[in-house]
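Peer 1: So that we are looking at the same thing, I have put the structure below in structure tokens.
The values are calculated or read from the model by the stated rules, or taken from the named source; none is laboratory data. In this text the structure is predicted, and so the values were computed from the model without any measurement. Here the Cβ positions follow ideal geometry from the backbone for every residue, glycine too, while neighbour counts run over all protein chains shown.
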Amino acid sequence: MKRIVTAALFGASLTLAVGAHAQGRDYQSIRIGVDVPYEPMEYRNPDGSLTGFDIELGDALCERAELECEWVVQAWDGIIPGLLSRRFDAIMSSMTINEERRQQVLFSEPYISPPSAWFAPSSEGFTSADAQTLKGKTIGVQRGTLQDNYVTDLYGSDAQIRRYATADDLVIDMSAGRIDIAFLDFPIGKTTMLDADQGDYVVVGDMIDEPKEYFGDGFGIAFRPRDEALAERFNQALAEVREDGTYQSLYDKYFGVEE
Amino acid sequence: MEQLNQAIIDLLSGNEIFTANTLDIYWEGLVNTVHLVFVSLLIGILLAVPLAILRGSRFAIIKWPIWCYTYVFRATPLLIQLYLAYYGFAFVPGVRDTWIWFFVEEPIYPALFAFTLNTAAYTTEIFHGAIKSTPRGEVEAARAYGMSRALTIRRIVLPSAFRRALPAYGNEVIFMLHASAIASVVTIMDLTGAAYYVYARFYAPFTAFIFVALLYMVLSFGIQAIFRGLERWLLAHLRPAG
């Protein structure tokens, strides 16, 4: 902890010292900090190489922006200090954009808002998941997640809510028949239920990522505050990959539901 | 220092965390915790008294199964017992089609089951120890008066054993209150579950957990006061005269 604080202070003083005249360098190559594993966003192949949605999208963005990119693995609690102390020049690690972090770093445009979704055994036969349909049903969520807040506020008066410490506990209880339907981060639900061969589960209704007060602004790439030009290059690249379909094919690869 | 002052002011005035809604969650947690602990202690002690007497039986066929039971339940973590009761029973083949499912489906019954058996095991051993240390003379005197074995146990052994067991049992009650904090892992919204919910919702670990720690402290002090009163009353003959 002490080391992190020192690193942060060192980074901050460096920023002060150089910041007066520096407009940010004109980068040819950059290093990007990432915390692994966080499947499916960033994890390792069996051979040890990095992969995941963040990694592949990051590489595509670097190519567009004509940058040499190198990934640096850094544990989460030191990831912002690592950026500020120049161990790397950007963070692309499923970092949710929020006010606290905006005080310290500069964010790109959000590159994904991971949607949430309803999951239920196909035998339940749900066709939609509005409050009316779920009246008197038992809903499972991960305790303290944004899905928990959403369900508590919108369904709390009509349905019973069971809160679990982990998604695995929740899935076990669903297979035991204690809960009727679950509301989860879509990538987590896909990994633990749809792809896991534990039973016959389906997604009920649409993906949900609104309203923003519950589901946030999504994930952004973080830069040092003075590297505005660099952030702009990434925003530009992001717009291009969205335009030409690269983004969509990556999105389908990681988050698509096979019919 | 200024930050600390500000934190206290925020805490006391129109803060965002302790709204009526949050306090309602804590209240629900308090009710669930007290309910869970009280019921399991009550059933636990009703089981423990006969078990403690039988545990001292001369017959191996009675004595050893009880020893096994208390040994197993005292030798394994309560959390594991709770997991077994909650997740284990749900996967017994065919259980979902029987009336037992009614009790397994709701988390409160498996939790009561595990907590009751656990506290009964400890209480059995506490009472058994107290019964064993009954002075020989008291029993012999009772027999000399012509009391039957059952009457001796009822009139002489149990009252004096209960007095001796009281301080240790008071500790067991407080341990049980604190052990009940694991109920939230099987989705019961007990005090700890409520605190966890508030923590995760407002990202305020200190506020959420200190508040719940205070609630546990109040409950513990209440239990201690009750047992101190009981001891003053039941152990009055042991106090120095005058």
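Peer 1: Only residues that are hydrophobic (A, V, I, L, M, F, W, C) and closer than 16 Å to A:Arg163 by Cβ: list them for region B:190-211, please.
Peer 2: Listed by number, the residues that qualify are B:Leu191, B:Ala194, B:Ala195, B:Val198, B:Ala200, B:Phe202, B:Ala208.
Peer 1: Something else: Is one or more of the residues making up region B:169-186 surrounded by fewer than 16 Cβ atoms within 10 Å (Cβ to Cβ), of a type outside the set (Gly, Ala, Ser) and under 30 Å from A:Ala176 (Cα atoms)?
Peer 2: yes
For (1) within 18 Å of A:Glu210 (Cα to Cα); (2) under 19 Å from the mean Cα position of the chain (by Cα), each residue gets a yes or a no:
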site: A:Pro81; (1), (2): no, no
site: A:Ile91; (1), (2): no, yes
site: A:Val105; (1), (2): no, yes
site: A:Pro110; (1), (2): yes, yes
site: A:Ser113; (1), (2): yes, yes
site: A:Trp118; (1), (2): yes, yes
site: A:Ala131; (1), (2): yes, no
site: A:Lys135; (1), (2): no, no
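Peer 1: Checking A:Asp153 against (1) away from chain B (no Cβ under 14 Å); (2) out of contact with any helix residue (DSSP H, G or I) (no Cβ under 7 Å at 6 or more places or on another chain); (3) surrounded by fewer than 21 Cβ atoms within 10 Å (Cβ to Cβ), which single condition isn't satisfied?
Peer 2: For A:Asp153, the failing item is (1).
Peer 1: Could you tell me how many of the residues in region A:160-181 are touching a residue at least 12 places away in the same chain (Cβ under 8 Å) and within 8 Å of chain B (Cβ to nearest Cβ)?
Peer 2: Counting residues in region A:160-181 that are touching a residue at least 12 places away in the same chain (Cβ under 8 Å) and within 8 Å of chain B (Cβ to nearest Cβ) gives 6.
Peer 1: Could you run through region A:92-141 and say how many residues are within 14 Å of chain B (Cβ to nearest Cβ), modelled with pLDDT of 85 or more, surrounded by fewer than 22 Cβ atoms within 10 Å (Cβ to Cβ) and in a strand (DSSP E or B)?
Peer 2: 2
Peer 1: Follow-up. Does region A:26-54 hold any residues that are of a type in the set (A, V, I, L, M), in contact (Cβ under 8 Å) with a residue 24 or more places away in the chain and farther than 22 Å from A:Pro225 by Cα, and which are they?
Peer 2: Scanning region A:26-54 gives A:Val36, A:Met41.
Peer 1: Kindly indicate whether any position in region A:198-214 is within 14 Å of chain B (Cβ to nearest Cβ) and either surrounded by 15 or more Cβ atoms within 10 Å (Cβ to Cβ) or of a type in the set (D, E, K, R) (or both).
Peer 2: yes
Peer 1: Give the residues of region B:214-223 that are surrounded by 13 or more Cβ atoms within 10 Å (Cβ to Cβ) and under 30 Å from A:Leu146 (Cβ atoms), sorted by residue number.
Peer 2: B:Leu215, B:Tyr216
Peer 1: Name the residues in region B:196-213 that are away from chain A (no Cβ under 11 Å) and buried (at least 19 other Cβ atoms within 10 Å of the Cβ), would you?
Peer 2: Once the filter is applied, which keeps residues that are away from chain A (no Cβ under 11 Å) and buried (at least 19 other Cβ atoms within 10 Å of the Cβ), region B:196-213 yields B:Thr207, B:Phe211, B:Val212.
Peer 1: If you scan region A:108-130, which residues turn out to be among the hydrophobic types (A, V, I, L, M, F, W, C) and farther than 16 Å from A:Val171 by Cβ?
Peer 2: A:Ile112, A:Phe126, A:Ala129
Peer 1: Also, I was wondering about something else. Among the residues of region B:162-177, what is the count of those that are more than 8 Å from the chain's Cα centre (by Cα) and touching a residue at least 40 places away in the same chain (Cβ under 8 Å)?
Peer 2: Count: 7.
Peer 1: Which one of these is within 14 Å of chain A (Cβ to nearest Cβ) and either in a helix (DSSP H, G or I) or closer than 15 Å to B:Val31 by Cα (or both): B:Ala161, B:Ala181, B:Ala168, B:Ala225?
Peer 2: Result: B:Ala181 is the single residue among B:Ala161, B:Ala181, B:Ala168, B:Ala225 that is within 14 Å of chain A (Cβ to nearest Cβ) and either in a helix (DSSP H, G or I) or closer than 15 Å to B:Val31 by Cα (or both).
Peer 1: Sticking with this structure for a sec: How many of the residues in region A:30-86 are part of a helix (DSSP H, G or I) and over 18 Å from A:Val241 (Cα atoms)?
Peer 2: Matching residues across region A:30-86 total 9.
Peer 1: Sticking with this structure for a sec: Within the bounds of region A:213-232, is there any residue that is modelled with pLDDT under 90 and farther than 22 Å from A:Val105 by Cβ?
Peer 2: yes
Peer 1: Among the residues of region A:182-191, count how many are closer than 20 Å to A:Ala131 by Cα, away from chain B (no Cβ under 14 Å) and crowded, with 23+ Cβ neighbours inside 10 Å.
Peer 2: Summing the residues that are closer than 20 Å to A:Ala131 by Cα, away from chain B (no Cβ under 14 Å) and crowded, with 23+ Cβ neighbours inside 10 Å in region A:182-191 gives 2.
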